[in-house]
Amino acid sequence: MAEQPMVVVRGEAVREVPPEIAQFSVTVSARDRDRQVALTRLAERAAELRTALDDHPDAIERRETSGVQVRPELKRGGERVSAYVGSVTTTVTVTDFGVLGELLLRLANADQVAVAGPWWQLRPGSRAGADVRREAIADALGRAREYAEAVGARVDRLVEIADEGAGGGGDRMMRAAAFGMESADLELEVDPQPQTVHAAVVVRVAITEPQSLTG
């Protein structure tokens, strides 16, 4: 019995979608010649940051302490300590983009604070990824039907779908900025950056016996 003819095609889909979350980082710092004073200031500023974030419970989905550093600062060319420097970095995930600009400015207006971000993202397992994968499969099957019809055949059954591993998740489009604001009256509008979602698949289908050949 002759082996059933096969068609192998590649399908692809690309879509731009709005981001679902934004992340930024906030670093509070303290420096003093006295170690205890430096640590006290650092703790106070970290507490002030937590209070500021507590004021936006509906906008902030998650916050995580991503780095704590305390180190002596040595005098040049020696081992004597000139000061003690400390910092605490918090990563914040925001879902309400309407208050994002206001929040960034408020945090940046505090003493010894550095803000970086936002970084726009899709959630892991975003619906947009599933949708674009379905579009890639539909694209591949459409091409397979065209190839089969070109030789007087039709698609009989699906044999295999292979993900090329090229997509399904949003590309992390990043923009970072550091703020040092002197006035709390300033306003900042942020424009969410569209995320590019891409998927590519290879589909193998069995076709009926060709009735004609082109060329």
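The values are calculated or read from the model by the stated rules, or taken from the named source; none is laboratory data. From a predicted model like this one, the values you see are computed outputs, not experimental measurements. Neighbour counts are summed over all protein chains in view; Cβ atoms, including those assigned to glycine, are modelled from backbone coordinates with ideal geometry. Ligands, DNA and RNA are excluded from the accessible area calculation, which covers all protein heavy atoms including side chains. Shrake-Rupley method; radii C 1.70, N 1.55, O 1.52, S 1.80 Å.
Some points to look at:
- Cα-based helix-to-principal-axis angle, 35-54 vs the chain, degrees rounded to 10: 50
- Probe 1.4 Å, protein heavy atoms only - accessible area per residue of the chain in square angstrom: 60
- Across the chain, C-alpha contacts under 8 Å between residues 6 or more apart give a mean separation that, scaled by the residue count, equals a relative contact order of 34 percent.
- Region 70-122: trypsin sites (Lys or Arg not before Pro) in DSSP loop, at most 16 other beta carbons within 10 Å: K75, R76, R80
- Remark on A153: its backbone amide H falls under 5 Å from those of Q211, a criterion applied only to residues 5 or more positions apart or on other chains, H modelled at 1.01 Å from N.
- Carbon + sulfur, % of accessible area of the chain - ligands and nucleic acids excluded, 1.4 Å: 47
- Cα-based helix-to-principal-axis angle, 127-150 vs the chain, degrees rounded to 10: 20
- Identified option (computed volume of the Cα convex hull per residue in Å³; candidates (1) 209; (2) 108; (3) 124): (1)
- Structure-based [θ]222 nm, the chain - -39500 (n - 2.57) summed over DSSP H runs of at least 4, per residue, nearest 500: -8500 deg cm²/dmol
- Full extension of the segment from A150 to Q211, taken as 0.36 nm per residue of separation minus the current Cα-Cα distance, would add 21.0 nm.
- Relative packing of peptides 14-20, 82-88, 50-56 - highest average C-beta neighbours within 10 Å first: 82-88, 14-20, 50-56
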